[in-house]
1. Which pairs turn up if I take residues in the range 47-74 that are free of Cβ contacts under 8 Å to residues at least 12 places away in the same chain and look for partners that are hydrophobic (A, V, I, L, M, F, W, C) with beta carbon separation below 8 Å, at least 6 apart in sequence or on another chain?
2. Going residue by residue through the range 138-157, is there one that turns out to be in contact with a helix residue (DSSP H, G or I) (Cβ under 8 Å, 6 or more places away or on another chain) and of a type in the set (F, W, Y)?
3. Within the range 122-174, how many residues turn out to be among the acidic types (D, E) and surrounded by fewer than 20 Cβ atoms within 10 Å (Cβ to Cβ)?
4. List the number of the failed condition for Y41; all other conditions in (1) touching a Ser or Thr at 6+ places or on another chain (Cβ under 7 Å); (2) modelled with pLDDT under 95; (3) buried (at least 17 other Cβ atoms within 10 Å of the Cβ); (4) not charged (D, E, K, R) hold.
5. Being assigned to a loop (DSSP other than H, G, I, E, B) and either under 18 Å from S99 (Cβ atoms) or touching a residue at least 40 places away in the same chain (Cβ under 8 Å) (or both) is the filter here; which residues of the range 151-171 pass it?
6. In the range 56-112, what residues are among the β-branched types (V, I, T) and in contact with a Leu (Cβ under 7 Å, 6 or more places away or on another chain)?
Amino acid sequence: MTLQHSTYMSNVNLINSNSDYYASQRRHEKNKRSSKGSNEYDAPANPKSFLFVPQAQTSAKIKQSIIANNKKKNPNSKLGEALNDRNNPYPNYVKLLKSLGLDVEHDYADAFTAYLLGMWRIANKMSANPSKQQIQYVRNQVLSVTDVRQWTNTQKQEATEYLMYNLIFANEPYEGSRLSRNQKQWQEDADAVQQRFLRENNMDLRKMTISENGLTQRR
């Protein structure tokens, strides 16, 4: 299901501050581990440390926060209707990602993997999803560079769901323009993600490929 292009694209910036907070936390933990020595940094994190038990009230709070912030920016916003229980595409993404081996309902590492690969796919104007083997390579990479042992259950759920909404807000318009064969809009949607990652993360997604080491720069 794809919803109106403007409905989603107008909301990407609204949740960036939350995603950026958790990104800064990841960088802090990464630097802290690195300062303790390369052996500790290189060792993959315990996969169990990424797991969380989702709480319905936390999910509701996140969704309502996104809707409320959008309403302040655009009083005529239809986002509330787009994210209501009947229309919200979130469950469909959970099911799709589950079929690809990623449990974004309970695992932050899986959500971060889905986010990275989803944005990489959009920036490169791809139609197909990465293979399960490619997904596993990137997931292993995430486990090796991310430390969330100090995060609470709520923090992991919040970080996961903000990442997922971020992905949804980018992917829904992208899929809409791709499936409608609107070449101009399709290119603009891909360029928006590419430029955003260059600006905010200094990552050139169009120069990256998937190898056994994960998502890495092409040689």
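1. K71/L79
2. yes
3. Qualifying residue count, the range 122-174: 0.
4. (3)
5. W151
6. Matches in the range 56-112: I66, I67, V104.
The values are calculated or read from the model by the stated rules, or taken from the named source; none is laboratory data. Nothing here was measured: the structure is a model prediction, and the numbers come from that model. Neighbour counts are summed over all protein chains in view; Cβ atoms, including those assigned to glycine, are modelled from backbone coordinates with ideal geometry.
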